[in-house]
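Structure first, then comments.
The values are calculated or read from the model by the stated rules, or taken from the named source; none is laboratory data. As the structure is a computational prediction, the values presented were derived from the model and not from experiment. Neighbour counts run over all protein chains shown; Cβ positions are idealised from the backbone, glycine included.
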Amino acid sequence: MCGIVGYIGDRNAVPLLLEGLHRLEYRGYDSSGVTVLEQGHLETRKAVGKIAELELHLANGSAPHGNLGIAHTRWATHGAPNRINAHPHLDCTGEIAIVHNGIIENAAVLRQKLQQLGHVFRSETDTEVVAHLIEEAYDGGGLEGAVRAALTQVEGAYGLAIMSSRDPDTLVAARKGSPLLLGIGENGEYFIASDVAAVLAQTRQVIYLDDGEIAVLRRDGYNITELAGGAISKEVKQIEWDLEAIERGGFEHFMMKEIFEQPETLRNTMRGRLLEEEGTVRLGGITLSAAELKGIKRVIVTACGTSWHAGLLGGYMMEELVRVPVEVEYASEFRYRNPVVDENTLCIAISQSGETADTLAAMREAKRRGAIVMGIVNAVGSTIARESDFGMYLHAGPEIGVASTKAFTSQVVALAQFTLLMGRLRTLSVLQGREIVAALRRLPEQVERVLELDDAIREIARIYKSATNFLYLGRGYNYPTALEGALKLKEISYIHAEGLPAAEMKHGPIALIDENMPVVIVAPQDGVYSKVLSNVQEVKARGGRIIAVVTEGDTELDGMVDHVIPIPRAIDLLTPVLATVPLQLLAYHIAVMRGCNVDMPRNLAKSVTVE
Ligand code: G6P
């Protein structure tokens, strides 16, 4: 989720690159950097923090001057956000510079191989291996050939911009899994960018690169080919959007953009982690040995808000598949109790921002009492990430909408992966493991299918937009889904909504049911399906209006409910991911129709860093 800008032309590159970086800043930043070719040498400047810091650094020192350059704003995935890890990264000779978005999955193996060949690494990033690979492949045949040869060894996702002082009139770009485009300026000038916002002030003519394509830009023209060598002709697109709309990816709100990003963010959360054959996962951040992981006798999960809902799901998963006792507790409660914790207790702190004060305090308290602490965090280098003994990053990219969406589904998938790892060490056979891996693999495409229901869900929203109360019911794995659905609605539409375990209805809340109380029932065909059916009947018998989230092809509820939202079939523990997406959309459309500020709801903050 970083930003890339590159320039080749006749003008001074630095101001153009900085302008591009500023336009990408909304995607997140923790550090930035720029490399320019100045009188035959590559000159690199980097700074930690916002782009303004880099600007200040350039203004204070000597800003390099030249008309070929690349720049990057980083949102860390591998390695802490500091100057050394900031891009551009250079090879050993300092003659090749690259900026990269994405994740190189086989970075560790490549790094070792390159070190054996004598390459010296400066940063902790996965990116730097690509610079050294290109150096290794450079045989005098030019930058383009070296890049092609290097990329055949790379597994994972990348959007890359590459330059070299050995090839002073060339800028190379390559894409696989991370967006990249070419901006066509006037009079032989060209841009590379990860996002059209970065070039819009200079040109509206762009070419979007597709996966497996490589672009070579020179002042006298450009050439786009397949990585394997085949020629391609690409269409030049004229961009009509205004800048603000582009930052939101053409969506009206960040929240909607983030809901629609979920197929991609889930892929990122799983990238390089699933091991089909072994039926397990490889989690680079989990630094405990198998024996240490097996030594865990108890798990405490602690978090706030939406992250706590993901935690509840994690608890269910771990008890079912790892057979270890799990307690899931609000961080704000945990921190002031006198909890039983020992050195065999694993405390999992879950946080999108990694900065939530209560979660941090709970985690510190658990640590003080001797627990091993694991963080499941989205923001790399955040306090919770730093203070955890080990952990997992979500790789979901910056979440801007205050109501959490893509971070939640990534948290659930991260917890499913950790459960699988632990389960395979204890109770699960390789065949059971493979089934879970396959189900995870299917998930992003299934989420894509759920997103196709957007229009239908908007129509349901239209019917219920004036309701003053909502109930959300679910059982088993989908009780937390009901809680999350209700939370989304109240956060952004200000409608009072409650999530309940479906069977608890009859112990009180059923008194509330009448035709003015819409009830959302999450009823996929899972282990508790038949039980939920009887709860549906209880609501129907009292005149309630029901919106049911069901498994595709299930017609059993047709006559009983008012609206059906079908989701693809999945294994029980992953149904919440698919069932939550329509509930996000429902909340979103209702809030928009009520004229609410969905990205910045009243009284809420994205990151609550006070108690
Ligand atoms: C705030 C946000 C919620 C979020 C919660 C926990 O209340 O508005 O969306 O779920 O904090 O945040 P965290 O960053 O720790 O996941």
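Some notes on this structure:
- Looking only at residues in segment 268-309 that are within 16 Å of the ligand (Cβ to nearest atom), without any contact (Cβ under 8 Å) to a residue 60 or more places away in the chain and in a strand (DSSP E or B), the one that is surrounded by the most Cβ atoms within 10 Å (Cβ to Cβ) is 303.
- Residue in segment 101-111 that is small (Gly, Ala, Ser), farther than 30 Å from residue 233 by Cβ and out of contact with any helix residue (DSSP H, G or I) (no Cβ under 8 Å at 6 or more places or on another chain) present: yes
- Subset of segment 190-203 (residues that are in a loop (DSSP other than H, G, I, E, B) and either modelled with pLDDT under 90 or surrounded by 20 or more Cβ atoms within 10 Å (Cβ to Cβ) (or both)): 194, 195, 199, 200, 201, 202
- Any hit, segment 338-347, residues being away from the ligand (no atom under 16 Å from the Cβ), modelled with pLDDT of 95 or more and within 29 Å of residue 578 (Cα to Cα): yes
- First in segment 351-363 and within 19 Å of residue 76 (Cβ to Cβ), second anywhere and near the ligand (Cβ under 6 Å from one of its atoms) and part of a helix (DSSP H, G or I), Cβ under 7 Å, 6 or more apart: 351/307; 351/359; 352/307
- Residue check, residue 228 surrounded by fewer than 19 Cβ atoms within 10 Å (Cβ to Cβ) and either free of Cβ contacts under 8 Å to residues at least 40 places away in the same chain or under 16 Å from residue 9 (Cα atoms) (or both): yes
- If the condition is being surrounded by fewer than 23 Cβ atoms within 10 Å (Cβ to Cβ) and closer than 22 Å to residue 354 by Cβ, then segment 316-325 contributes no residue at all.
- Any chance residue 456 is part of a loop (DSSP other than H, G, I, E, B), closer than 27 Å to residue 555 by Cβ and out of contact with any Phe, Trp or Tyr (no Cβ under 7 Å at 6 or more places or on another chain): no
- Of the residues 550, 592, the single one that is away from the ligand (no atom under 16 Å from the Cβ), of a type in the set (A, V, I, L, M) and surrounded by 23 or more Cβ atoms within 10 Å (Cβ to Cβ) is 550.
- Counted residues, segment 352-372 - those being within 15 Å of the ligand (Cβ to nearest atom) and hydrophobic (A, V, I, L, M, F, W, C): 5
- Hits in segment 136-146 - residues which are of a type in the set (Asp, Glu) and in contact with a helix residue (DSSP H, G or I) (Cβ under 8 Å, 6 or more places away or on another chain): 136, 139
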